[in-house]
Structures are given as structure tokens and as C-alpha cells.
Amino acid sequence: MQIDTQTLMIVLVGVAAFAVLLQAVVLIAILVAIVKAAKMAGAKADELRTAVIPVMERSHALLETSHNLLAAVNPRIESAAADLSSITHAAREQVSRLEATADEIQARVRHHAAHIDNMATAVLDTVDYAGRAVSGAVRRPARHLSGVVAAARAFAEKFSNTPPRKAPAPESAPEDKNVAV
């Protein structure tokens, strides 16, 4: 069997036509699938849009409200921060002055305490000296007087006939047998 070129050509053209037709069918199927996917994606996008847009609008409103609130509160916050800074600075200055005053008072107290201690020591020394002086001033004449009285008594006893007086004997305490020492 011999196939002539014309038949071969017809068969090849038929196969080529079939391939082109098959390719066209595949392309149409792809086109239909793409159109279907596009419609589905459009529907999903619409669903997503209907769900997201209200959230975005609420978020936008919330952001605007937050921005307005921050814009309104910002000067107050800055003022409060400035006030707090000045209060802190003033408190530091007051504490510094208070420490200096406390140190000065403490130094004065120490000085006055030392001065009072010196004064008290001087007073006590003077009292002690005065006590010794008074004691010495009283003791010396008392000794002289005692000596004169003793001499007068000895003289009187010597020239008088009365026997010399004896010193009385100390009385002994009654013994208590029930007392334990």
C-alpha cells in the first residue's frame, strides 16, 4: 500500500486541524475556568469588601477619635510634665537647703553643748574649790578652838582636885539570838 503525497497531505492537514481544534477546545475550557474563577474571586472580593469596609470605617473613626483625643490631651500632658519637672527641681533645691540648715543647726548644737559642758565643768570645779576652801577655813579655826578648849580643860583638871573624866563606854547592843548575819 502506497500512500500518495496528496493523501498524506490531507491526513496531515486533518491531524493538524484536529490538533488546532483540540487546542481551541482546551483554550476555551481554560477560558471558561478562568472566567468562573474570576467570578468566584469577584464574589469573594465583594464579600471581603462588605466585611472589611465597615471595620475599616470604624477603625478610621477610632483612629480619628484617638488622634483628636491625643491632640487635645497633648498640651495637658506637656504642661503636667513641665510642672512635674519644676516641682522636682524645687524639691531638690528645698532638700539641699534643708540639708544645709540641718548641718548648720547640728554644728551650732555641738558648739553649744561643748560650751555648756565647759561651763558646767567650770562651775563644778569652782564649787569643789569653794567647798575645800570653806572646809579648810572652818577646820583650821575649829582645830585651834579645839586645841584651846583641850588645853583649858587640861589646865583646869590639873589645877583642880576633881578626877579626870573618863570617856563613857559604849553601850553594847542586846544580842538577838534569832537574827542570822
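Report the charge-dipole magnitude of the chain in Debye, nearest 20, computed about the Cα centre from +1 at each Lys and Arg Cβ and -1 at each Asp and Glu Cβ.
Using only the charged Cβ atoms, the result is roughly 1400 debye.
Just to be sure I understand, if you calculate Rg and Dmax of the Cα atoms in Å for this structure, which of (1) 26.1, 105; (2) 15.1, 45; (3) 66.3, 208 do you get?
(3)
Using the Karplus curve 6.51 cos²θ - 1.76 cosθ + 1.60 with θ = phi - 60°, work out ³J(HN,Hα) for each residue of the stretch 9-16 in order, rounded to whole Hz, and write x for Gly and Pro.
5, 5, 5, 5, 5, x, 5, 5
Can you compute 3J(HN,Hα) from phi for each residue in the stretch 26-38, using the Karplus curve 6.51 cos²θ - 1.76 cosθ + 1.60 with θ = phi - 60°, rounded to whole Hz and x for Gly and Pro?
Each residue's phi maps through the Karplus curve to give 5, 5, 5, 5, 5, 4, 4, 5, 5, 4, 5, 5, 5 Hz.
At what distance in nm do the modelled label points of Glu104 and Asp125 sit from each other, each positioned 7 Å from its Cα along Cα→Cβ?
A separation of 3.3 nm, rounded to one decimal place.
Using alpha-carbon positions, what is the distance between the centroids of the stretch 1-47 and the stretch 66-134, in Å?
The two parts, judged by their Cα centres, are 101 Å apart.
Mind checking the full-extension length gain between Val20 and Lys36? Use 0.36 nm per residue of separation minus the Cα-Cα distance, one decimal, nm.
Working: separation 16, 0.36 × 16 = 5.76 nm, distance 2.38 nm.
Extending this stretch completely gives an extra 3.4 nm.
222 nm [θ] for the chain, helices only, -39500 (n - 2.57) per DSSP H run of 4+, per residue, to 500? Please list the in-between numbers first.
Working: 1 runs with 155 residues, N = 181.
For the chain, the value works out to -33500 deg cm²/dmol.
Based on the Cβ-Cβ distance from Ser96 to Arg76, what FRET efficiency comes out when R0 is 35 Å, to the nearest 0.05?
0.70
Computed from the coordinates by the stated procedures, all read-outs in this text should not be read as laboratory data. Since we're looking at a predicted model, the values are computed, not measured. When we count neighbours, we look across all protein chains shown, and the Cβ atoms used for this are built from the backbone with ideal geometry, even at glycine.
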